[in-house]
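The values are calculated or read from the model by the stated rules, or taken from the named source; none is laboratory data. If you're wondering where the values come from, they're calculated on a predicted model, not measured in any experiment. Cβ atoms come from the backbone with ideal geometry, glycine included; neighbour counts cover every protein chain shown.
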Amino acid sequence: MSEPVEPEEPQEPAEEAPAAPEEPAETEEPAPAGPRELDEEALEELNEALFWEYNGFLSCVYTRPEEIVWDDVLHNGAGLTVEATEELTKRFEEERGWPVNGWLVLIPAEAADAYMQETTGLGIDDAWCPLHWLYLEDEQLYCLDTVEPGFYGNEFTAGTEQDGVYRLQYTGMDFMGRDTEMVLTVQDTGSGYRFLSNLPADADPESPLYGPFGWVLRRYVQELMWYVPDAEELEALGLSPFCSLYSQWPAADNLERLSYFGYAFKDLNGDGKQELLIGATSADFGAEYVFQVYADRYGSQLLAYDSPAFTALRLLADGRLGLSMQENVYYAVKQTLWLDEDGQFYLDDAIEMYGNNTGVTDCQAITEEGDWEEVDFSVFEAFDPHADAVTVDWIGLDTLVEGLLD
């Protein structure tokens, strides 16, 4: 009899190794979409939306919203005007001093500010080229006596769109008054449009005209190329009244007229940033005279110093500006100005005095403390309050537009 066979113990199934995760299939990143060419229907819609209602934005050249010349943009009222009633017209004439001789544009300050905010994102106090219109304080109205307003440029003929930014081509007028192809750049915000730039199609990005201080240089070229306004007009435009000294100088053509005025870039305080100086190229006038200085102030290129009307301001060898306050023919007081790191000038504490050695001894002069006292000018050096001034290597404004007026 055979022995019973013990049953085999069941074997546990061998654990299977976990399957390796599948490698995800490689997918190619989609190439970013390029600018979309606008068809006739899209151009027609943009002409209807932009060309008429916002036509003023085609009237000036700007590389960024801060440079927009609001005098030009709001010239035709931009739909913001209030009625020029008999009472308001009389108030305007009383304030200005002579009758209205054209079309009176009246825009409430609040409406102007809201319009600027809507179209550029900047308020009325942020504009680098603000309204230079007569302002009625009590009524809070900006007022302009002008000819019947017109429209600028022709309708958009071509363009592209990418990410809501439109570049629209049209035939218009640049800051020199020449007919040329222009490119307007705007952004669709969903509720309206923001105006970003308006430039000639042939604008050279390397030219100072379109650099950080380009808005200043374009302004000078625009206002001085055809004639030289008087001191009051220049001051109203934010330009130096010193330029009016050349209003009577004959000029064979526009380029020669521009050649009387110059610009230069200097790092006045050694911070590595260039400041823009405006002056005169003529040695007859004094090539060391500085009319205006523009500096970078917190990322904005703004006016840092404007020479008081017909007061000598000259560049000194160490980067300071010498300010001479001539009180009469016998003496002068000189202070110097330093440019700080924030792009603002401040007066040096030191005050120097000069006499003219005429032998006059009974004239009063101002002391460092600001008091008047008797001074014997015979002990002062010869009258030369800026003996340490240096000549600025001015570049004529005419060089900026040579070849563009043909």
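Applying the set (1) at pLDDT 55 or above; (2) among the β-branched types (Val, Ile, Thr); (3) farther than 30 Å from CYS129 by Cβ to THR399 leaves exactly one unmet item: (3).
Of these, THR85, THR27, THR63, which one is more than 30 Å from SER300 (Cβ to Cβ) and modelled with pLDDT of 95 or more?
Details: THR27 fails: modelled with pLDDT of 95 or more; THR63 fails: more than 30 Å from SER300 (Cβ to Cβ).
Unique residue meeting the criteria: THR85.
Would you please name the residue that is surrounded by the most Cβ atoms within 10 Å (Cβ to Cβ), looking only at residues in segment 29-70 that are charged (D, E, K, R) and in contact (Cβ under 8 Å) with a residue 12 or more places away in the chain? Here the residue is GLU67. Out of all the residues in segment 97-139, which are more than 21 Å from the chain's Cα centre (by Cα) and loosely packed, with under 13 Cβ neighbours inside 10 Å? Result: GLY97, TRP98, PRO99, ASN101, GLY102, GLU110, GLU137, ASP138. Among the residues of segment 71-86, the ones that are free of Cβ contacts under 8 Å to residues at least 12 places away in the same chain and among the aliphatic types (A, V, I, L, M) come to 0 in all.
How many residues does segment 378-395 contain that are farther than 14 Å from PHE265 by Cβ and either outside any loop (DSSP other than H, G, I, E, B) or at pLDDT 80 or above (or both)? If you could, list the steps in order and put the result at the bottom.
So the first thing to find is which residues in segment 378-395 are farther than 14 Å from PHE265 by Cβ, and the list is 378-391.
Keeping just the survivors that are either outside any loop (DSSP other than H, G, I, E, B) or at pLDDT 80 or above (or both) gives 378-379, 389-391.
Final tally of qualifying residues: 5.
What residue, of PRO250, PRO229, is outside the structural domain of SER59 (by TED's automatic domain parsing), farther than 14 Å from THR399 by Cβ and buried (at least 18 other Cβ atoms within 10 Å of the Cβ)?
Working: PRO250 fails: buried (at least 18 other Cβ atoms within 10 Å of the Cβ).
The conditions single out PRO229.
Residues that are over 24 Å from TYR62 (Cβ atoms), at pLDDT 90 or above and of a type outside the set (A, V, I, L, M, F, W, C) within segment 125-158 comprise GLU137, ASP138, GLU139, GLN140, ASP145, listed in sequence order.
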